[in-house]
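> Here it is: the structure, laid out below.
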Amino acid sequence: MHKIIGIFGGTFNPIHNGHLRLAIELYEKLSLAQVRLIPAGCPPHKTQPNATNQQRLQMIQAAINGIEGLIVDDRELQRQGLSYTFDTLNSLRADYPKNSLGLILGMDAFLGLSNWYNWEYIIDLAHIIVVDREQYNLSTTTINAFLRKYKTNDPQVLTKQIAGKIWIQDIPTLNISATQIRDIIATGKNPNCLLPPAVLDIINVQQLYRCREYNR
Ligand code: ATP
């Protein structure tokens, strides 16, 4: 049996309770070995975040402090240049040759997967755990065919083989986004209860996200 390491990448600008609940739910529901939160260095699909790498890392560390199973992994911040998930998975595969890897993707990200660098080879390196946050229309034929080919309904397969399957996980999620939090802070409103108090302390002390024009 190969215990599954959950791989949860994102900008985390900032990390919030939506991210944390998702990681905790998956850790428990799929009996994961751990969930590695991996902040993106230079995300190819997004504009550069306005908090520094160091600040985003510090906020994640504060957020997961004391939460069982959640770990921060800064390998994308250590690398120069663009962060491709394919490269990150290769590096994780080298570090954990015997574990299953489970790349955690929201359904929205999964539907756009065919635009990613070396996307067809990702399934050779990891399972893909798709989190079904809302009802999505699986209209993209490429992704539909990909899903038909690799989808499993048997969770035990995810620990029998270390990569190669797609698992769809229905999970209750919180309707929170980092964009919403940055907007709330920039307009002088109160973001309490959307993110952990320890993260809010860092934001307040370091005066992050106060300027709306940099928040997009
Ligand atoms: P932004 O608003 O800046 O786009 P975000 O809140 O969507 O940010 P990201 O860092 O881009 O956060 O998200 C990282 C991952 O977390 C993505 O896979 C995304 O689908 C997922 N995610 C974001 N918000 C939630 C949420 N409220 N519940 C569950 N998953 C979430």
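The values are calculated or read from the model by the stated rules, or taken from the named source; none is laboratory data. Just so it is clear, the model here is predicted, and its values are computed rather than measured. Here the Cβ positions follow ideal geometry from the backbone for every residue, glycine too, while neighbour counts run over all protein chains shown. Just the protein is used for accessible areas: all its heavy atoms, side chains included, with ligands, DNA and RNA removed. Shrake-Rupley method; radii C 1.70, N 1.55, O 1.52, S 1.80 Å.
> Which of Ala94, Ala33, Ala198 moves most in a GNM of the chain, Cα contacts under 10 Å?
Ala94
> In nm, to one decimal, how far is the modelled label at Lys98 from the one at Cys211, with both set 7 Å along Cα→Cβ?
It is 5.1 nm.
> Now for a separate question. Averaging sequence separations of C-alpha pairs under 8 Å and six or more residues apart, then dividing by the length of the chain, give the relative contact order as a whole percent.
25 percent
> Ignoring the sites themselves, what is the longest stretch of the chain with no GluC sites (Glu not before Pro) in a DSSP loop and at most 15 other beta-carbon atoms within 10 Å?
Values: sites that count: Glu68, Glu134.
Longest stretch, sites excluded: 135-216.
> Roughly speaking, what is the stretch gain from Lys3 to Asp170, that is 0.36 nm per residue apart minus the C-alpha to C-alpha distance, in nm to one decimal?
58.1 nm
> May I ask you to list the aspartates and glutamates whose Cα is less than 19 Å away from that of Lys3, ignoring any residue fewer than eight positions away on the same chain?
Qualifying aspartates and glutamates at Cα under 19 Å: Glu25, Glu28, Glu68, Asp73, Asp95, Asp124, Asp154.
> For the chain, what number results from the quotient of the Cα radius of gyration and 2.2 N^0.38 Å? Display every interim value, and only then the final one.
Values: Rg = 17.1 Å, N = 216, 2.2 N^0.38 = 17.0 Å.
In units of the globular-protein estimate, the chain measures up at 1.01.
> Leaving out ligands, DNA and RNA but keeping every protein chain, what accessible area does Lys165 have, in Å² rounded to the nearest 10, with a 1.4 Å probe?
Roughly 50 Å² of Lys165 is accessible to a 1.4 Å probe.
> Right, something else. Check the stretch 5-174 and count each lysine pair with an alpha-carbon distance under 23 angstrom, considering only pairs eight or more places apart or from different chains.
Final tally of qualifying lysine pairs is 11.
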